[in-house]
Amino acid sequence: MEKHIIVGVHIVDRERHAPLVQQIFTQYGAQIRTRLGLHDDVCPANGLILLEMADTAASCEMIAAVDAIEGVEVGQMIFEH
C-alpha cells in the first residue's frame, strides 16, 4: 500500500541553515515529488518548506538527516489508502 508522505521543514535563521538543507534536498532529490516554499515577506529570517515524498527508505533517511540539523524542525503527515 503506497503512502502519501507530507513533510514540513521549518528553518530558523535561513541564511545559516538553508545551504545545508538544500544540499540534503539535492542529494535525495529523486525522493521529492513536490516542493513548495512558503514565505511571509520578500526575504524572511525563517522559512517553511512543504514536501511530498516518495514512499521509500531513502525518503526516511532524508527526513532524518534534515531533522538532525540544529535550527531546523521537521513535521510529518502520512496518509494511507
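Restricted to strands (runs of 3 or more DSSP E) entirely inside the stretch 1-59, those with at least 2 residues that are without any contact (Cβ under 8 Å) to a residue 40 or more places away in the chain are 32-38.
The residue of the stretch 26-72 that is nearest to R14 (Cα to Cα), among those that are among the charged types (D, E, K, R) and within 9 Å of the chain's Cα centre (by Cα), is D67. With respect to the stated conditions, I6 is of a type in the set (V, I, T), open to solvent by less than 90 Å² (accessible area, probe 1.4 Å) and modelled with pLDDT of 95 or more.
Report, ordered by the first and then the second residue, all pairs with beta carbons closer than 9 Å, sequence separation of six or more or different chains, a first member in the stretch 62-81 that is assigned to a strand (DSSP E or B), and a second member that is exposed (fewer than 10 other Cβ atoms within 10 Å of the Cβ). Qualifying pairs under 9 Å: E80/M1; E80/E2. Residues considered: V74, V12. Of these, the only one that is of a type outside the set (F, W, Y) and surrounded by 14 or more Cβ atoms within 10 Å (Cβ to Cβ) is V74.
The values are calculated or read from the model by the stated rules, or taken from the named source; none is laboratory data. Since this is a predicted model, take the numbers as computed values, not measurements. In this analysis, Cβ positions are derived from the backbone assuming ideal geometry, glycine residues included, and neighbour counts consider all displayed protein chains. Ligands, DNA and RNA are stripped out before the accessible areas are found, and what is left, the full protein with its side chains, is counted by its heavy atoms. Shrake-Rupley method; radii C 1.70, N 1.55, O 1.52, S 1.80 Å.
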